[in-house]
Structures are given as C-alpha cells and as structure tokens.
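For reference, the structure is listed below as structure tokens.
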Amino acid sequence: RVFTANMTGNVVILGMGLAGADNLPVTGPVVALLAFMAGAVGAGRVLGGRPGAWTAATTWLLAAVGAVLLGLGAGLVLWTDPPEAALLAVTGILGAVMGLQAAAARALGVKDVTTVVVTSTITGLSMDSRLAGGTGGLWARRALAVVLVLAGAAAGALLLRVHIGLGLAVAAVVCLVCAGVGHRAGRA
C-alpha cells in the first residue's frame, strides 16, 4: 500500500494516512518519498546539466536501476517471509532507484509525455483534441503513453498476485532492455 515510482499517488496516500483515513500507512509513503527524492538528486548530480540527449550516464543509471530491481526480485523470491522492517527497506531502495529512473527520463525531455505522472498527458490529450478546438496533434503518442501506463499497472498487479519477486524481475528486464535500446539509439 505504497507507491515507489508514483509520488503523486504516494503524497495522496500519505495525506490521507496522516488524516487517519481507512488506516492508510504513513511510514511507507514517507520512506518512499524521501528515498525517491534522494535518488532523483543523485541522478541530477550524475547527469549534471546534460538534458535532452542520451548519454553513457543515462545508460548506466538505467542499467543500475534494472540491476537493483533484478537483485531485489531474486532476493524476495528466495526470502519467503521477510519481516516488515525488510519490506520497508525494500520500499526505500525501490523509491531511490525509481527516483533515479524518473530523473534520467526527465533529463531526456520527451515532449508531451511526462515521466511519472500521466495527469498532464491526459490533460494535453484532451485540451489539444479536435473536440476542444485544437489540432489533435501528438494524440497518438499521448494516448499510447496512457495506455502503456495502464497496461503496465495491470501487468504488474497480475505479476504481484503470483509473487512480488516476479513483478520486480519483469520490471528489471524491461528497464535493462530500455537501457540497451536507448544506448544504441543514442549512439546512432
């Protein structure tokens, strides 16, 4: 009941939890939020003002994210009943690497597709549509971003039903493939 990549959702859960709504957690969202920010700061230091272009640093950051996800996934598969403190540590580690990933994606600056929050993508899709009197430009990319986040969330939820480690392992593979493809395309 905590997000490690979506800080908007995390802040909402935290606010509701602080108000005592439905016994929502407070500690996990705080750990995830602080770790996410630390990861984003670290990525900002590594990328140091090189926005808009894929660099070797981008590849290394995303490969590190994939490696950590793979390691956590394997660890959780082997550790059948970790205590709450261990799960909180996993939350912190995941928050940190998701901060790295989000900062690396943000530095790439893909126009009209936000890195973590889809709300502004949906707003742009709707506001610039022909229904709203706009040109409808970039609708395919915006719609695809929303559909991919939706599909990713559904796939992740299904994988978590099997085992949390499996969800992390699949996320690791996706991240590592993206790092490799991005590195090749960035060098072409």
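The values are calculated or read from the model by the stated rules, or taken from the named source; none is laboratory data. None of the values given here were measured: they were computed from a predicted structure. Counting neighbours? That spans all protein chains shown, and the Cβs are built from the backbone with ideal geometry, glycine included. These accessible areas exclude ligands, DNA and RNA; they are computed on the full protein's heavy atoms, side chains included. Shrake-Rupley method; radii C 1.70, N 1.55, O 1.52, S 1.80 Å.
Gain in length, A155 to T135, computed as 0.36 nm per residue apart minus the alpha-carbon separation, to one decimal in nm? Can you show the working numbers first?
Numbers: separation 20, 0.36 × 20 = 7.20 nm, distance 3.29 nm.
Computed gain between A155 and T135 is 3.9 nm.
Using only the alpha carbons of the stretch 1-82, determine the length spanned along each of the three principal axes and report them from longest to shortest in whole angstroms.
Cα extents, longest axis first: 45, 34, 14 Å.
Ignoring ligands, DNA and RNA, please state the percent of accessible area on the chain from carbon and sulfur, probe 1.4 Å.
Details: 7800 of 10920 Å².
The C+S portion of the solvent-accessible surface of the chain is 71 percent.
How much mean residue ellipticity at 222 nm does the chain get from its helices, if each DSSP H run of length 4 or more adds -39500 (n - 2.57) and you divide by all residues, to the nearest 500 deg cm²/dmol?
Details: 7 runs with 138 residues, N = 188.
After summing the helix terms and dividing by the residues of the chain, the value is -25000 deg cm²/dmol.
Quick one: what are the phi-derived ³J(HN,Hα) couplings along the stretch 138-144, Karplus 6.51/-1.76/1.60 with θ = phi - 60°, whole Hz, x for glycine and proline?
With coefficients 6.51, -1.76 and 1.60, one gets 6, 5, 5, 5, 5, 5, 4 Hz.
Based on the Cβ-Cβ distance of V12 and V146, what FRET efficiency does E = 1/(1 + (r/R0)^6) give at R0 = 25 Å, to the nearest 0.05?
Working: r = 19 Å, r/R0 = 0.75.
E(calc), rounded to 0.05, equals 0.85.
Only Lys, Arg, Asp and Glu count, each charged at its Cβ (+1, +1, -1, -1), so figure out the dipole size of the chain about its Cα centre, rounded to 20 debye.
On the way: 11 positive and 5 negative charges, 138 e Å.
In debye, rounded to 20, the chain gives about 660.
How large is the accessible surface per residue of the stretch 25-167, computed with a 1.4 Å probe and reported in Å² as a whole number? Intermediate values should be presented prior to the final figure.
Details: 8140 Å² over 143 residues.
Result: 57 Å² per residue.
Which one, (1) 16.4, 48; (2) 26.5, 79; (3) 17.5, 55, gives Rg and Dmax of the Cα atoms in Å as derived from the coordinates shown?
It is the value labelled (3).
Which longest run of the chain has no exposed loop site in it, a site being trypsin sites (Lys or Arg not before Pro) in a DSSP loop with at most 16 other beta carbons within 10 Å, and the site itself not part of the run? All intermediate terms of the calculation are to be shown ahead of the outcome.
Numbers: sites that count: R1, K111.
Between the exposed loop sites, the longest stretch runs 2-110.
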